[in-house]
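Taking it in order: structure first as structure tokens, then the write-up.
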Amino acid sequence: MLVVLGLERGVDMFPLLIQYKLEQLVYLIVVVFICLEYRIRQAMNYILFIMNVLIMRIKQSRNIFYFLIGKLEVLKKRIQQIIPNYEFVWYFKGFLYKSCKITKSYYIYQMEWSKYIKKQYHQSFQLKNKTITQQLEVISLYPKIFPFNFLKEISFPIFQEKLCIFRIVFHKPLIILFTSSILTITFIVSVNKVQQPAQQIIYEFVSQQSNCQEFLFSGWIKIQEIYSSDDEFDFQFMRLSGNFQHQKLIGQNLCAFQLFYKISSSQNQIIITTYSYTFPAVDIDFSSNPFLKSEVIDVGSDIKLWHYLFVKKLENSILVSITFYKGFDKEEFNIKLDVLQFNKVQFKLSYGNLLQSSSNYLTISIVGFQFFNCLGYEEPSASCHPTCQECDGPTKDDCLTCFQESNRSYLPDYKQCICEYGTIDMDNQCVSYEFLNLRLNQEKLLKEECKYGFFEFEGDCQQCPSIINKNVITCLECVQNPKKWAQTLICQTTLYTDQEGNVSQQLQDDKKYYTFVGNDLQYCPDCKIIVTPSYDLIEKLDQFKDFCLTSQSINENCYSCGLKCKSCQILQTNLICLTDEIIPFPQYQSCEPPNYYNFQQNCVACKIKHCLYCFNYFASDPTKTTLGALDVYSFNDEKIKDGSYSLIDEETIEGCAQCADKYIYDFTIKECIVKKPSQQNCLRSYINFQKEEICTLSANDDFTIALEIQNCESHILNCKQCIKTPQSTLKCLLCEDYKMLSTLTGVCSACEKSFSKQCLLENGLDPWKWIVQGFTNQFLPTKPIFSKFIMIPNTLIIECIPGYKKIKNECFVPCDQTCSECKETDNGFQCSKCKQNYYQDPIRNYSDGNCFQCSSLCQVCEIRPNEEINQINPYFITTPENTIYTYKCLQQVPQEQIQIDPNFQIAQYCYQNNCDNNLEIFHVNYYLIQDTY
């Protein structure tokens with residue numbers, strides 16, 4: 001008889017096989033196959049294995065058998081047994097009863113794929129009758145498919161000379177292909193989000209499959225920035241746990257791997273943790289961390305270097321390797337821990353700011369992370385970017401050497417391997433025109449065209465009166481219009497590109513007139529009013545002239561070196577600039593918070609960390625501050641400036657009127673500390689010199705908590721925050737958006753300043769000093785709200801709308817992300833230096849607030865009008881992708897093989913040193929012609 005028990009109460013359970021012979025009741029064999037698989041459900045179920053676990057949880061060394069004998073009579077027998085592995089191991093248990101003897105034999109087989117352990121025990125006990133029924137209950141909390149065909153045959157008892165024998169034959173294990181969940185991630189953790197601070201983002205990866213008895217994950221890690229308010233802090237970056245919702249089941253005592261960084265001014269450390277169970281149960285007290293294993297690594301290298309993490313869990317051990325790279329040197333740490341961990345787990349990898357700290361955190365880049373829930377694949381290693389041969393990091397910016405046959409050049413300053421000019425970087429390969437099935441074809445010109453820097457005159461090519469080098473191109477009119485410049489012979493525009501990488505400038509100088517003396521082009525300072533030069537004028541032109549001094553005019557019979565050129569040399573056909581003249585960008589100095597004006601009325605930077613609004617006060621008298629007008633005191637700024645009042649003997653201290661969110665200022669230690677206001681319904685506070693916490697902003701309509709409250713709409717129309725003055729009047733401190741505040745009346749009205757979000761009617765003080773009046777009235781209770789009478793007050797901008805910034809009480813659009821150095825000028829923001837292109841050369845083009853790139857062979861370009869594009873090719877359709885190739889090239893990359901086509905103003909690469917070669921591609925269409933009859 002074969003009894004098979006299946007699913008019960010919705011819990012997966014392996015079939016229980018009971019096979020016995022009913023011919024004689026004297027012999028009975030009970031055979032049971034049991035797999036103690038472990039799976040933790042969300043409801044925190046645990047293994048209820050009557051036969052084993054209830055006793056082993058306590059003593060971890062006993063098995064218990066339950067039998068139902070006769071009419072529900074239970075026999076309970078304990079058998080001393082040592083089992084090395086509890087979880088994810090198949091066991092065979094056999095019970096043999098002989099009626100002729102009182103001795104019983106128990107057979108236990110442990111199977112680990114092909115390894116068998118046999119232990120036999122003899123135990124005597126008395127039965128009341130010969131009918132024995134085995135009662136077993138198994139609840140498997142980690143049910144999966146039976147991994148191999150374990151049992152082939154259990155023979156019935158064979159009688160040989162009164163000996164009872166049973167035979168067990170096993171199949172060889174079948175090979176089961178488990179699907180591996182592979183994670184590949186490359187990103188920076190501190191990606192800006194709209195609703196959540198970047199430093200508090202947590203990312204997750206959940207494996208689609210459960211693991212085998214192993215797992216592996218690895219990847220590159222780099223700490224980009226360290227943000228700390230303490231000298232020492234811990235930052236948890238990674239946690240590998242089961243995919244459960246209950247917090248106890250993802251605690252550190254059940255996490256397969258955790259990664260911490262301990263940042264300290266004395267010694268940076270890496271802390272890794274894992275777990276190893278003593279018995280596979282989770283309904284225990286984890287307060288003493290009974291399963292936790294941890295290792296601490298002292299990092300001698302720079303903690304902000306790229307380091308490669310490799311974690312490999314085997315059957316009963318876990319290997320961790322962390323290697324720091326700096327150039328060709330490396331620092332490697334290897335750890336091996338013996339562990340017993342639960343298998344067949346669906347893992348979840350969490351990474352980011354797991355401790356959710358807003359004051360102590362790291363921004364981290366990770367590249368090329370992979371997770372394998374089963375082994376058997378080729379193990380990953382610390383590989384370089386495909387463009388690098390050797391590296392100390394995973395990106396294209398971490399190359400140490402390049403492949404010799406890759407057509408790449410190494411840039412040591414940027415640690416990059418870039419494609420050489422004349423090739424294209426495609427799928428990390430430098431592709432030549434041959435690879436694209438293009439071929440060179442030398443064009444036969446019907447008419448010889450003038451080369452770049454020459455212009456046409458009476459069928460001949462004349463050289464433009466231009467200085468052309470890598471920094472300066474003068475007389476741009478001739479260079480850009482070679483066919484028609486002979487009709488005007490006027491130069492005025494100079495293209496200037498400095499050696500510091502700033503954006504190029506087209507500078508307008510005084511018009512310079514030229515004329516022909518025979519076939520020779522001569523500069524003619526007096527030709528402005530003379531169309532045809534006289535003989536005397538021609539004789540005058542032939543006289544040699546000195547170079548003009550800086551103070552001289554070009555009309556004083558001298559040669560001008562041109563704009564942006566200090567000294568130059570005359571050649572046979574043109575001038576060459578020897579020394580460039582650097583003209584710096586105009587700069588505007590503002591004093592916006594957290595900068596502030598001190599007692600000397602100098603704009604100084606705030607040195608208090610996390611402070612929004614700084615001020616000065618006297619150590620001898622803290623009531624004398626820079627929070628208001630200086631004429632409130634016995635001195636004023638005029639007395640300080642004229643020397644009638646000296647600050648030499650006064651010790652000035654820097655204080656903070658308002659810290660950033662989640663911080664309050666402590667005057668006793670002179671720092672913004674991480675602390676929430678302790679008083680109920682208080683939103684903002686500070687700690688005074690007597691260590692008392694003073695509330696400055698109340699969340700409720702209650703002036704007993706603070707003099708400043710929120711939600712003032714019921715008191716003042718369109719008011720967000722208002723204050724109760726010492727005169728017991730209410731004045732608004734912060735209006736609704738797009739409203740203007742009058743400090744005199746304390747009411748809100750419409751703001752007419754363009755692109756402004758918050759406005760203030762001028763009162764003689766910096767706008768932020770009005771905003772912090774809730775603090776000022778508590779810090780200086782005997783002083784009135786500081787303001788001056790202004791006859792005709794101006795409207796001051798406190799804050800601009802999103803996307804704009806304030807300069808001199810006007811809102812301007814700042815430079816975009818393509819700009820690396822943005823200068824503030826009286827007329828707004830101006831980008832002085834753009835970011836770099838593929839070749840790590842600075843982008844030189846800036847227009848309408850944006851930096852834009854030229855084609856790869858061009859250094860300086862300008863936008864070509866649509867009419868000119870249509871004249872060149874009326875069928876060309878402009879798209880965002882190909883717009884870059886429509887620009888006029890004004891200055892090519894300084895390479896010998898790169899020239900500018902003077903007619904189309906396009907930079908081209910001269911293959912085989914021949915600029916007349918064209919690239920051709922052949923496309924053949926085949927048509928099937930069928931005759932119809």
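The values are calculated or read from the model by the stated rules, or taken from the named source; none is laboratory data. The shown structure was predicted, so the numbers you read here are calculated from the model rather than taken from an experiment. Here the Cβ positions follow ideal geometry from the backbone for every residue, glycine too, while neighbour counts run over all protein chains shown. What goes into the accessible areas is simple: the full protein's heavy atoms, side chains included, and nothing from ligands, DNA or RNA. Shrake-Rupley method; radii C 1.70, N 1.55, O 1.52, S 1.80 Å.
Quick look at the numbers
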| item | result |
| --- | --- |
| Length added when fully stretched, Asn441-Phe904, from 0.36 nm per residue minus Cα-Cα | 164.8 nm |
| Residues whose placed amide H lies under 5 Å from that of Ile798, excluding near-sequence neighbours | Gln758, Cys759, Leu760 |
| Calculated FRET efficiency for the pair Tyr839/Lys483, C-beta based, R₀ 41 Å, to 0.05 | 0.80 |
| Average Cα contact separation per residue, region 194-281, under 8 Å, 6 or more apart, as relative contact order % | 21 |
| Label-point separation in nm, Ser383 to Asp298, each point 7 Å along Cα→Cβ | 3.7 |
| Förster-model FRET efficiency, 56 Å R0, Ile424 and Ala750, C-beta, rounded to 0.05 | 0.50 |
| ³J(HN,Hα), Karplus 6.51/-1.76/1.60, whole Hz, each residue of region 491-496, x for Gly, Pro | 10, 8, 9, 10, 9, 10 |
| Alpha carbon centroid spacing (whole Å) that separates region 276-308 from region 368-446 | 39 |
| Built amide H within the under 5 Å cut-off of Leu890, gap 5+ | Val860, Cys861, Glu862 |
| Given Lys670/Lys757; Lys835/Lys888; Lys675/Lys731; Lys609/Lys675; Lys415/Lys609; Lys304/Lys415, the pairs whose alpha carbons are separated by over 25 Å | Lys670/Lys757; Lys675/Lys731; Lys415/Lys609 |
| Using θ = phi - 60° and Karplus 6.51 cos²θ - 1.76 cosθ + 1.60, couplings along region 680-687 (whole Hz; Gly, Pro as x) | 5, 6, 9, 9, 8, 7, 8, 10 |
| Asp285-Phe703 FRET efficiency (beta carbon distance; Förster radius 51 Å; 0.05 resolution) | 0.50 |
| Placed amide H near Gln346: partners under 5 Å, 5+ positions off or other chain | Asn211, Asn243 |
| Simple spin-label estimate for Tyr911 and Glu332 in nanometres, 7 Å along Cα-Cβ | 4.6 |
| Residue-count net charge about Ala750 - beta-carbon cut-off 15 Å; Lys, Arg +1, Asp, Glu -1 | 0 |
| Residue-count net charge about Leu400 - beta-carbon cut-off 10 Å; Lys, Arg +1, Asp, Glu -1 | -2 |
| Probe 1.4 Å, accessible area per residue of region 713-830, Å² | 51 |
| Cβ-based net charge around Trp306, under 15 Å, with every Lys or Arg adding one and every Asp or Glu removing one | -3 |
| From phi via Karplus (6.51, -1.76, 1.60), per-residue ³J(HN,Hα) for region 393-409 in Hz, x at Gly/Pro | x, x, 9, 5, 9, 10, 6, 10, 9, 10, 5, 5, 9, 9, 6, 10, 10 |
| Qualifying trypsin sites (Lys or Arg not before Pro) in region 440-527, DSSP loop, other Cβ atoms within 10 Å at most 13 | Lys444, Lys447, Lys470, Lys483, Lys484 |
